[in-house]
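Asker: Supplied in structure tokens, the structure appears directly below.
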Amino acid sequence: MNNFPVYALPGLLDDERLWQQQAAFFAPQHAVVTAKLSGHDSIAALAASALANAPAERFALVGLSMGGYVALEIMRQAPERVLGLALLDTNARADSAAATELRTHAIAQARTDFAGVVSALTPRLLHPDHLANKTIVDVIEAMAHTLGPEVFKRQQTAIMGRIDSRPFLPTIRCPSLVLCGREDLLTPVELHEEMAAGIPGAKLVVVEHCGHMSALEQPQQVNAALQSWLSTLTC
């Protein structure tokens, strides 16, 4: 039996709580290890740090949102470490000018009103029906306030500075899953169709009744897709 670890890369202002449903579901066959992506302000440095603290053996690599940007950089830095790649609710493109402007404003607001930044961000992360789910909202807000405004600034700076990964996608050779919520406002379905078309043999899964935080919003559907993908990997 292939009991390799799953190395999970969280998104902006997320920590291991993002992957709590996956960690419970896949134990004990696969240990879900969450990378800490809070200490640097570039995607390349975050990837290098994640690699330095990664499981010693080869691992399945899963990244959501910002974690997907870091996952693609890990594939550039150390593809030999990775058994398979799963990109969830993310994007292979560089930041747009409009997105960078919004991030810059949010960084400025976070200096004096971080709670306001978090409150404004949450509705953009979730399917409208899930905004009434106190359990999900509480997890998102708790993760954000644990990490705080300085981590927010570093992570947003890293996101703004990311490169366009689309030219790199055809070089990815491991089994790959591309997954997103049908109602993901931040990284819509068409961006995932683009990634899946660019990665040889990649499988695209669109999760219904789901926004950007698929691992929390629809864990059963996400776990089923991850399980199917993991079953194709061998050490």
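Asker: Residues SER165, SER214: which one is within 24 Å of ARG76 (Cα to Cα) and among the hydroxyl-bearing types (Ser, Thr, Tyr)?
Answerer: SER165
Asker: Something else about it: Residues in the stretch 132-143: is at least one modelled with pLDDT of 95 or more, of a type in the set (Lys, Arg) and surrounded by 14 or more Cβ atoms within 10 Å (Cβ to Cβ)?
Answerer: Within the stretch 132-143, not a single residue is modelled with pLDDT of 95 or more, of a type in the set (Lys, Arg) and surrounded by 14 or more Cβ atoms within 10 Å (Cβ to Cβ).
Asker: Kindly indicate whether any position in the stretch 189-204 is closer than 18 Å to PHE26 by Cβ, in contact with a Leu (Cβ under 6 Å, 6 or more places away or on another chain) and among the β-branched types (Val, Ile, Thr).
Answerer: Looking for residues that are closer than 18 Å to PHE26 by Cβ, in contact with a Leu (Cβ under 6 Å, 6 or more places away or on another chain) and among the β-branched types (Val, Ile, Thr), one finds none in the stretch 189-204, hence no.
Asker: How many of the residues making up the stretch 1-14 are buried (at least 21 other Cβ atoms within 10 Å of the Cβ) and either over 18 Å from CYS235 (Cα atoms) or not small (Gly, Ala, Ser) (or both)?
Answerer: Total meeting the criteria: 8.
Asker: Out of all the residues in the stretch 24-43, which are free of Cβ contacts under 8 Å to residues at least 40 places away in the same chain and either within 15 Å of the chain's Cα centre (by Cα) or surrounded by 21 or more Cβ atoms within 10 Å (Cβ to Cβ) (or both)?
Answerer: Answer for the stretch 24-43, where residues must be free of Cβ contacts under 8 Å to residues at least 40 places away in the same chain and either within 15 Å of the chain's Cα centre (by Cα) or surrounded by 21 or more Cβ atoms within 10 Å (Cβ to Cβ) (or both): VAL32, VAL33, THR34, ALA35, LYS36.
Asker: Could you please tell me which pairs satisfy a Cβ distance under 7 Å, a separation of 6+ or placement on different chains, a first residue in the stretch 128-146 that is of a type in the set (Asp, Glu) and assigned to a helix (DSSP H, G or I), and a second residue that is at pLDDT 95 or above and crowded, with 18+ Cβ neighbours inside 10 Å?
Answerer: Final answer for the pair search is GLU141/VAL118.
Asker: Name the residues in the stretch 129-159 that are farther than 15 Å from LEU216 by Cα and of a type in the set (D, E, K, R), would you?
Answerer: GLU150, LYS153, ARG154, listed by residue number.
Asker: For a quick check of your reading: which helices (runs of 4 or more DSSP H) sit entirely within the stretch 155-233 and have at least 1 residues that are in contact (Cβ under 8 Å) with a residue 12 or more places away in the chain and surrounded by fewer than 18 Cβ atoms within 10 Å (Cβ to Cβ)? Steps first, please.
Answerer: Details: elements: 189-198, 214-217, 219-230.
It comes to 189-198, 219-230.
Asker: Does ARG111 qualify as being in contact (Cβ under 8 Å) with a residue 40 or more places away in the chain and not β-branched (Val, Ile, Thr)?
Answerer: The answer is no for ARG111.
Asker: Also, I was wondering about something else. Check SER96 against each of (1) surrounded by fewer than 16 Cβ atoms within 10 Å (Cβ to Cβ); (2) more than 18 Å from MET160 (Cα to Cα) and name the one condition it does not meet.
Answerer: Unmet for SER96, out of (1) surrounded by fewer than 16 Cβ atoms within 10 Å (Cβ to Cβ); (2) more than 18 Å from MET160 (Cα to Cα): (2).
Asker: Then there is this: Among what's in the stretch 99-131 and is basic (Lys, Arg) and surrounded by fewer than 14 Cβ atoms within 10 Å (Cβ to Cβ), pick the residue that is farthest from the chain's Cα centre (by Cα).
Answerer: ARG111
The values are calculated or read from the model by the stated rules, or taken from the named source; none is laboratory data. Here the structure is a predicted model, which means the values were calculated and not measured. Neighbour counts run over all protein chains shown; Cβ positions are idealised from the backbone, glycine included.
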